1. Based on other C-beta atoms within 10 Å, arrange 185, 49 from fewest to most.
2. Share of antiparallel DSSP beta bridges in the range 14-255, in percent to the nearest 5?
3. Do the sum for the chain: with -39,500 (n - 2.57) for every DSSP H run of n ≥ 4, divided by all residues, what is the mean residue ellipticity at 222 nm, to the nearest 500 deg cm²/dmol?
4. Provide the gained length on full extension for the span residue 195 to residue 245, in nm with one decimal, where the gain is 0.36 nm per separating residue minus the Cα-Cα distance.
5. Hey, got the Cα dimensions of the chain along the principal axes, in Å, largest first?
6. Between the range 209-248 and the range 130-162, what is the separation of their alpha carbon centroids in Å?
7. Give the relative contact order (percent, whole number) for the chain; include only Cα pairs under 8 Å separated by 6+ residues.
């Protein structure tokens, strides 16, 4: 069951919004400094710590109250593919704040101002979703990355929603954990409003631009995110479709979307 929060869902004042935006800009510049000066010579463990700390600080700047549920992954977790539903760019920082991972993302993220550059610095694996052949390259790269002990994450819906639905899962990338004998770790992300229903103002979906989404989020007084880690799934003896259905079922069950499969 999803927790219900009893707190105000009023909007923040203009001054608070502008201060938050200024702090985001400063924090992003700081992220750039880390990417250029610190990250190249850091060990993998140090890089993970830096990314986690940066993401936690960003959530604090946005005044996002985060609830973590389930068996949480720590920095000793390796060779794992995290799979979750996708609502906002905040999803990435929510997961990174617990365990820094290598994300598989749509190639158009590269063109985002500053955030795209930071994504490249964090070793994001970009996929051209329109090109079927590109999935083969990404599966090979993801398999090699998992075999090296990396933790990866992809969002199998292939796009964001407003949090009130769960789209069908695309399962082609599930071949990577099968090839690498890696654990599949589903997680469910949810942004509740004051009554526990989905806070659609947190969603980065439809025609909303990144700037509009940031402004929407800084306008909220006390937004909340619930990140639930579900039981791990072993790839042994399974094909892609079975693993995809199992992961979607676990996430749908947690979010209360029933058992409809596509």
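Read-outs: derived from the displayed coordinates by stated rules, not from any lab. The shown structure was predicted, so the numbers you read here are calculated from the model rather than taken from an experiment. Methodologically, a virtual Cβ is constructed for each residue, glycine included, from the backbone with ideal geometry; neighbour enumeration extends over all protein chains shown.
1. Listed from fewest to most nearby Cβ atoms, that is 49, 185.
2. The answer is about 25 percent antiparallel.
3. -12000 deg cm²/dmol
4. Gain in length upon complete extension: 15.0 nm.
5. Each principal axis gives a Cα extent; for the chain these are 55, 46, 35 Å.
6. What the calculation gives is 15 Å, centre to centre.
7. Relative contact order here is 28 percent.
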